[in-house]
Amino acid sequence: MALKTEEMVLNMGPQHPSTHGVLRLELQIDGEIIIDVIPHIGYLHRCFEKHCEAMTYPQVIPYTDRMDYLASMYNEFGYALAMERLMKIEVPERVEYIRVIMGELQRIASHLVALGTYGADIGAFTPFLFCFRDRERILHLFEITCGARLLYNYIWIGGLSHDLHPDFIRLTKEFIKDFRPNVKELNELLSYNRIFIERTANVGVLPIETAINYGVSGPNLRASGMKWDLRKDDPYSVYHKFDYDIPIGKGEKGKTGDCWDRYYVRVLEMDESLKIIEQAIEQIPDGDVTSAIPKRVKPPEGQIYTRVENPRGELGYFIISDGSINPARVKVRAPSFVTMQVFPELCKGFMVADVVAILGSVDIVLGEIDR
Amino acid sequence: MKTAEEIFNTLKEKFGSSIVEFKADKPVEPFIIVNPLEVDKISLFLKDEKDLLFDSLMNLSGVDDANGIKEKDDKGLETIKGGTLSVYYHIESTKLRHKLTLKASTDREKPEVVTVTEVWKGADWHEREAYDMYGIIFLNHPDLRRILMPYDWEFGFPLRKDYKNPEFYQGMKVPY
Amino acid sequence: MRDYIYNFWQGLYTILIGMKVTFKHLFVPAVTIQYPSVKPQMPERERNRLYVNMDDCIGCDQCARACPVNCIEIETVKSIPGEDLGTTSNGKKKALWVTTFNIDFAKCCYCQLCVFPCPTECIYMTDVYEFSEFKREDLVFDFVTLLPAERIQKKKNFEEMQAKKEAEKIAAAKKAAAQANKPPEPKQDKPDNKEENI
Amino acid sequence: MMYDWLYNLTGSEILAMFIVSLLPLFVFILPFALFAVLMERKVSAHMQDRLGPMRTGYHGILQTIADIIKLLQKEDLVPTATDKILFNLAPLLAFIGSYAAFAAIPFSGFFIGTKIDLGIIFIVGVTGLVVAGILMAGWASNNKYSLLGAMRAAAQIISYEIPTLLIILTIIMLTGTLSLYDLSEMQTAYFWNWLILGGPAVGLQKILLIPFMIMGCLIIYTSTLAEVNRTPFDIPEAESELVSGYHTEYSGMKFAMFFLAEYANMFAVSAIVAIMFFGGYQSPFGYLGNTLGWTWLVPIEQFFWFTSKGLFFVFVQMWLRWTLPRFRVDQLMAFCWKYLIPFSFVILLLVGLIALM
């Protein structure tokens, strides 16, 4: 009897331990080898863009928090920036500094989740909890400042809801001091572990041309070897005043742009963020943080596309105003949404276990993909 | 590095009537209005031309211009007849560091735009989203399905300004 | 062959390093707290359950309008002349009976947007965070201090007054119409009614 | 011996046999599983700067008992599309496989279930039943994840038996016995008689043996780790990929059986390593009972040493689990076939040469 082989369709998600939310992947597998991946999204669709049409401009901010719920501060930052550009508001210097500090702290917190869950995806559970332990301290910093741990509603159009807490600077300095050895420990425990390298190096290689053509941005693009960071390449806020590097993937353990590079770029980025925070804390001027907040937000008719460097990449807000107090259109260019498109390309030819590894390394947040 | 106006002039020379208008009167961004059925050719030119090199699509968004005739039915719900739906393309060149906004307006009753997935692969899902939300048909798109809404959603396109919530979806009451 | 041995050695060595790290952590004190028995200290700006100090509320509806999810429901009734509603703590005179002030904490998104516009600072966020309920309806908190009977009474008072006014007006209008053949102008003076928007 | 003692006491062969064979289950495996689950939780918790279960009893010592009660109460779900017979049989088979191994393990000089001469081969053979149980579970569940997990498990366990057996062969060659009892007796008295330090051999031979014995110990420990599906070799039940692998569809008592089998297996393989390289139940420093002349104390001491050695290796398994990521299935195979098997062959050959000396 002739041997008959057949491809199998494996349905990964929406309930699966490592799809990072409610993502459904339809895997076509031949044994354990991936033939094709079809992602199905939309399980977390909350009509953000439709909601916005019924909201006034300041009321949109709590909704932006809920998109990329691991980097809420940066979502608000982007939205506030877009509105300020549209309304031509000059923001006090102190506000900008605080925004940068908060944004970079948020970047560290977000990367910690990315790295920790990546370890858990690969099978190492301990780094996950170490990362969460450190993230908890950042969340505490946010909590003392604005009262919330995850969904802040802190950065407003033209200003901030609260000034810094008196203890904030001291606690941040303490955190930075304690955090640096922890990064080293994470490297010892996970990054340089031989099994981890075996699992991630040369897996899911994203060539730079493909990345640009697909519009992949942020750490994923940088891991492919492109020095592209909106903080430097399309500067906003006060980022030009600080001295920091942009880490890129060098292909140390395998090909450039593999999972290990994507992972390690995030580790290095945390260090750069710490540098920015340290400098910002030293330079922060005094001032009032609420003075520039407009009483009534009614931007002129027009449209704007503004983008910021979210922890996951280029977060763009496309806002069309029709001159009323409600936005006519708010479209969000979510970095994970774009990254998710390239995911099937990365997976082809690898194994089921690698799907998890690749998905973890591109670091998606479903709240943002589905909005 | 080129300004939007220079690019407009280059395009006007090359494509003539396909490039409709250059608009810079409204704040904050100037944009170029193009013919929706020629977008793919224009995009390919923008991507390949030596001094333009727009290699990355930042964003593609469908927009309901809501510029048609608004009618109210007996229940007080608004429907819009005529007018246009638009697609905005925000593109940039990572090598030459310039940005550009294109706008392609299409008929509301028969919204058809040519896809740019051949030029920028990243446009795929953005176009599916625009189709899902506005019903804009992207001609030649390889896989034009709904993306965020359920595949069997039959109550229209939710981001259109005259969209009405269904009463029931698969036996479940929609407004809770 | 060199790679082969190197790989083996690398594997062993990095595993041992990792084991050193985890072993060290066996003796590091835990960072967790025993939650229900030990409660965390809440920071002063904590944003948890809303509280409304009804003594200060003037029923201006600003918080309800600022709310992005419409979880605040306010209904007010005008006071009839002669009633003394007292003043708020910052000296404003109250003019409206607040007969409904419901906050639905199932909907509330704890964004604090309602706190800032309040002219009397009577709505604020407290650090109460344990208030789960078995039924969704139980999460609707009623802040009004008036008794149910009183609320009905206030409404009735107002309606009676309204009716009286109306009657007076009609009488006056009739009088006027009799004098000048002018149609009366009905005046809309309904209590501020917040409609639930779904 | 326990059996003789009971035979004299009761006068019935069957009763004595019965008690002796059931004793490991009730005296050892069940309490051990309870203890090991708690230990796993506590070890992982403290390695991750947590506290672990704290609410049931002092520092949560009753947690696993609470868990067992919960599992007993749970509804025993059998999905409709399963192969009912295989589905119900699989956890039993897995448990029997790991439980039967305990029959030949010498807990002390006084107490062995059955003192068979082929002890070590018996254990290797009987633990092979676990594979059948796992395959049955994976197939019968009618779940793609379970099937993938079962296929992985079968491939993995069978491959890793090769290096295990090669090292066992080395030991057999060196000592000339297959009986675990004899093996333990051979490494008597002091720790320098343990096989990891060359065994009872003397002189140059002992020194030459030491590096190979250490290597062999590492190899057999790694490969037995793979046989019981512990991290970094836990790909059959890889939580982040295959949800739970072959026991995805199991609930209640049947799940508890798999769970029990896993923990029993953990101890069984630790015991094998302890017997083969670390003197089994022998004390490293001689016996207090012998010194004081209290001969009744010696079996208790032996039992103590045996369990503490076993528990130490179980602890190392947990330590590894909470430190390492897991392999991918092809790397796992590559590791076995490219590294462990050649290495164990070399050890087999060289130890054979040394033994000839």
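Among (1) within 28 Å of residue C:90 (Cβ to Cβ); (2) in contact (Cβ under 8 Å) with a residue 12 or more places away in the chain; (3) of a type outside the set (Lys, Arg); (4) not in a loop (DSSP other than H, G, I, E, B), which single condition is residue C:162 missing?
For residue C:162, the failing item is (1).
Consider only pairs whose beta carbons are under 6 Å apart and that are at least six residues apart or on different chains; among these, list those whose first residue lies in the range B:150-176 and is part of a loop (DSSP other than H, G, I, E, B) and whose second residue is polar (S, T, N, Q).
B:162/B:79; B:174/B:165
Go over the candidates A:107, A:94 one by one and state the one that is away from every other protein chain (no Cβ under 14 Å) and more than 13 Å from the chain's Cα centre (by Cα). Walk me through how you get there before you give the answer.
On the way: A:107 fails: more than 13 Å from the chain's Cα centre (by Cα).
Checking each option against the conditions leaves just A:94.
Name the one entry in A:164, A:189, A:206 that is more than 12 Å from every other protein chain (Cβ to nearest Cβ) and buried (at least 19 other Cβ atoms within 10 Å of the Cβ).
None of the other options fit; the residue is A:206.
Quick one: in the range D:337-357, which of the residues that are farther than 16 Å from residue D:208 by Cα and surrounded by fewer than 22 Cβ atoms within 10 Å (Cβ to Cβ) is nearest to the other protein chains (Cβ to nearest Cβ)?
In this case the residue turns out to be D:339.
Residues of the range A:273-328 being part of a loop (DSSP other than H, G, I, E, B), within 14 Å of chain B (Cβ to nearest Cβ) and either in contact with a helix residue (DSSP H, G or I) (Cβ under 6 Å, 6 or more places away or on another chain) or within 30 Å of residue A:366 (Cβ to Cβ) (or both), which ones? Outline the logic, then answer.
Taking the range A:273-328 first, the residues part of a loop (DSSP other than H, G, I, E, B) are A:284-301, A:311-312, A:322-326.
Checking which are within 14 Å of chain B (Cβ to nearest Cβ) leaves us with A:298-301, A:322-324, A:326.
Of everything in the range A:273-328, those that are part of a loop (DSSP other than H, G, I, E, B), within 14 Å of chain B (Cβ to nearest Cβ) and either in contact with a helix residue (DSSP H, G or I) (Cβ under 6 Å, 6 or more places away or on another chain) or within 30 Å of residue A:366 (Cβ to Cβ) (or both) turn out to be A:299, A:326.
When both residues are 6+ apart or on different chains and their Cβ atoms are under 9 Å apart, which pairs have a first residue that lies in the range D:43-54 and is more than 7 Å from every other protein chain (Cβ to nearest Cβ) and in contact (Cβ under 8 Å) with a residue 60 or more places away in the chain, and a second that is β-branched (Val, Ile, Thr) and in a helix (DSSP H, G or I)?
Between residues of the range D:43-54 that are more than 7 Å from every other protein chain (Cβ to nearest Cβ) and in contact (Cβ under 8 Å) with a residue 60 or more places away in the chain and residues that are β-branched (Val, Ile, Thr) and in a helix (DSSP H, G or I), the close pairs are D:44/A:126.
Which of the numbered conditions does residue A:358 fail, given that it passes all the others? Conditions: (1) modelled with pLDDT under 85; (2) in a helix (DSSP H, G or I).
(1)
Per-residue answers, yes or no, for (1) in a loop (DSSP other than H, G, I, E, B); (2) surrounded by 15 or more Cβ atoms within 10 Å (Cβ to Cβ):
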position	(1), (2)
C:14	no, yes
C:22	no, yes
C:33	yes, no
C:69	yes, yes
C:76	no, yes
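Kindly provide the set of residues from the range A:233-251 that are part of a helix (DSSP H, G or I) and at pLDDT below 85, ordered by number.
Correct list: A:233 only.
Which one of C:78, C:94 is farther than 14 Å from residue C:53 by Cα and among the charged types (D, E, K, R)? Spell out the reasoning first.
Working: C:94 fails: farther than 14 Å from residue C:53 by Cα.
When all the criteria are applied, what remains is C:78.
Select from the range A:13-48 the residues that are over 23 Å from residue A:69 (Cα atoms), more than 9 Å from every other protein chain (Cβ to nearest Cβ) and crowded, with 16+ Cβ neighbours inside 10 Å and list them in ascending order.
A:27, A:34, A:37
Search the range D:311-332 for residues being within 11 Å of chain A (Cβ to nearest Cβ) and of a type in the set (A, V, I, L, M), and hand back the single one that is surrounded by the most Cβ atoms within 10 Å (Cβ to Cβ). Spell out the reasoning first.
As a first pass, look at the range D:311-332 and keep what is within 11 Å of chain A (Cβ to nearest Cβ): D:319-332.
Going one step further and asking which of them are of a type in the set (A, V, I, L, M), we end up with D:320, D:324, D:329, D:332.
Numbers: D:320: 20, D:324: 29, D:329: 22, D:332: 22.
Ranking the qualifying residues of the range D:311-332, first place goes to D:324.
Check the range A:246-257 and report whether any residue there is in contact with an Asp or Glu (Cβ under 9 Å, 6 or more places away or on another chain), loosely packed, with under 15 Cβ neighbours inside 10 Å and either in contact (Cβ under 8 Å) with a residue 24 or more places away in the chain or small (Gly, Ala, Ser) (or both).
yes
Would the range A:337-344 turn up any residue that is away from chain B (no Cβ under 14 Å), in contact (Cβ under 8 Å) with a residue 12 or more places away in the chain, at negative phi and of a type in the set (A, V, I, L, M, F, W, C)?
There is no residue in the range A:337-344 that is away from chain B (no Cβ under 14 Å), in contact (Cβ under 8 Å) with a residue 12 or more places away in the chain, at negative phi and of a type in the set (A, V, I, L, M, F, W, C).
Working only within the range B:134-160, note down all residues that are out of contact with any helix residue (DSSP H, G or I) (no Cβ under 7 Å at 6 or more places or on another chain) and within 8 Å of chain A (Cβ to nearest Cβ).
Selection gives B:150 alone.
Would you check which residues across the range C:35-47 are at the interface with another protein chain (Cβ under 9 Å from one of its Cβ atoms) and surrounded by 10 or more Cβ atoms within 10 Å (Cβ to Cβ) and list them?
C:42, C:43, C:45, C:46, C:47
Return a yes/no flag: does the range A:138-149 have any residue that is without any contact (Cβ under 8 Å) to a residue 40 or more places away in the chain, small (Gly, Ala, Ser) and in contact with a Phe, Trp or Tyr (Cβ under 7 Å, 6 or more places away or on another chain).
yes
Please find, within the range B:137-156, the residue that is nearest to residue B:125 (Cα to Cα) out of those that are touching an Asp or Glu at 6+ places or on another chain (Cβ under 7 Å) and surrounded by 14 or more Cβ atoms within 10 Å (Cβ to Cβ).
Among those residues, the one meeting the criterion is B:147.
Output the helices (runs of 4 or more DSSP H) that fall wholly within the range D:106-189 and possess 2 or more residues being within 18 Å of residue D:92 (Cα to Cα), or say none.
D:119-140, D:144-175
Conditions: (1) assigned to a loop (DSSP other than H, G, I, E, B); (2) more than 9 Å from chain A (Cβ to nearest Cβ); (3) touching a residue at least 24 places away in the same chain (Cβ under 8 Å). Residue B:97 meets all but one. Number of the miss?
Result: residue B:97 fails condition (2) only.
Considering the range D:289-310 alone, what residues qualify as being crowded, with 17+ Cβ neighbours inside 10 Å and either closer than 21 Å to residue C:21 by Cα or polar (S, T, N, Q) (or both)?
D:302, D:307
Could you please find all residues in the range D:280-303 being more than 16 Å from the chain's Cα centre (by Cα) and closer than 18 Å to residue D:104 by Cα?
D:282, D:299, D:302, D:303
Going residue by residue through the range C:165-182, is there one that turns out to be assigned to a loop (DSSP other than H, G, I, E, B) and modelled with pLDDT under 75?
So far as the range C:165-182 goes, yes, one or more of its residues are assigned to a loop (DSSP other than H, G, I, E, B) and modelled with pLDDT under 75.
Got a number for residues in the range A:58-109 being under 18 Å from residue A:325 (Cα atoms), part of a helix (DSSP H, G or I) and not basic (Lys, Arg)?
The number of residues fulfilling the criteria is 15.
The values are calculated or read from the model by the stated rules, or taken from the named source; none is laboratory data. The structure presented is a predicted model; accordingly, all values stated were derived computationally and were not measured. We place every Cβ from the backbone using ideal geometry, glycine too, and count neighbours over all the protein chains shown.
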